[in-house]
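The values are calculated or read from the model by the stated rules, or taken from the named source; none is laboratory data. Note that the structure is predicted; figures quoted are calculated from it, not measured. Please note: Cβ atoms are built from the backbone with ideal geometry, for glycine as well, and neighbour counts cover all protein chains shown. Note: areas computed on protein heavy atoms with side chains; ligands, DNA, RNA excluded. Shrake-Rupley method; radii C 1.70, N 1.55, O 1.52, S 1.80 Å.
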Amino acid sequence: DAMPARRLWLIGIPILIAIGAALLLWRPAEDEQRVSSAPSAGSLTFGGPFTLVDHTGRPVTEKDFLGRYQLVFFGFTQCAAVCPTTLQTISLAMNQLGELADSVQPLFISIDPERDTAELLAEYVSYFDKRIVGLTGTPSQVGVAAKAFHIYYRRVRDKDGSEQIDHTATMFFMGPDGKYLTFIHPDAATQKIAQVMKMKMENSTKMTSRRE
Ligand code: NI
């Protein structure tokens with residue numbers, strides 16, 4: 001009489017173990033999805049042709065950055081909160097990447113070209129990390145770049161009367177071919193940013209070697 005119950009256990013335990021293992025295996029994928037979901041929904045892509053000026057005053061286009069991964073972030077030097085924090089986090093994430101960081105070019109594109117001259121940008125980005133390249137341009141050149149990345153930005157008056165700019169603070173990770181790989185939420189922790197970049201770089205290396 002006790003046999004059926006025991007048999008149920010014998011079947012039940014391996015099933016529970018299998019479900020548990022499956023849940024454990026699923027977790028990383030779920031995590032990745034959370035990082036790279038919303039804006040990439042459907043056929044929406046990020047990036048495209050742009051003409052800007054780098055912080056040394058050199059005219060550049062998106063082609064000048066091909067061959068390395070690009071971590072793209074839009075902002076402005078007088079930003080009170082999000083930009084400084086994010087640039088700091090980007091710098092720390094680059095440190096965490098170790099040697100892999102050599103293949104990544106962080107780009108800080110100003111959405112305040114009226115105030116952000118190349119000289120000002122040079123001083124600003126080097127304060128955070130010498131590996132970050134600051135980009136600016138004419139308002140219409142910046143407009144083209146911002147549109148390519150679906151960046152929203154709007155001038156607003158702060159309580160103290162200073163001019164601030166509301167803007168999308170999402171980071172974009174682009175491949176060496178300039179194609180969009182994933183976006184990274186501005187609130188992401190240093191470790192998370194490094195982890196996402198590393199994962200994308202390892203994935204594309206695997207894909208390249210599979211093709212060979
Ligand atoms: Ni900002």
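Data table
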| read-out | value |
| --- | --- |
| Which listed pairs, of LYS147/LYS179; LYS130/LYS206; LYS63/LYS179, have C-alpha distances above 20 Å, in listed order | LYS130/LYS206 |
| Where the stretch 117-168 is the region considered: accessible area per residue in Å², 1.4 Å probe | 59 |
| Computed FRET value (nearest 0.05) for LYS206 with ALA18, which takes r as the C-beta separation and R₀ as 22 Å | 0.20 |
| Pair GLN78, VAL156: separation of 7 Å Cα→Cβ label points (nm) | 1.6 |
| Fraction of accessible area attributable to carbon and sulfur, the stretch 143-186 (%, probe 1.4 Å) | 53 |
| Whole-Å semi-axes of the stretch 132-183's equivalent ellipsoid (Cα gyration tensor) | 26, 13, 10 |
| Extension gain, ALA122 back to ASP187 (0.36 nm per residue minus Cα-Cα distance, nm) | 20.9 nm |
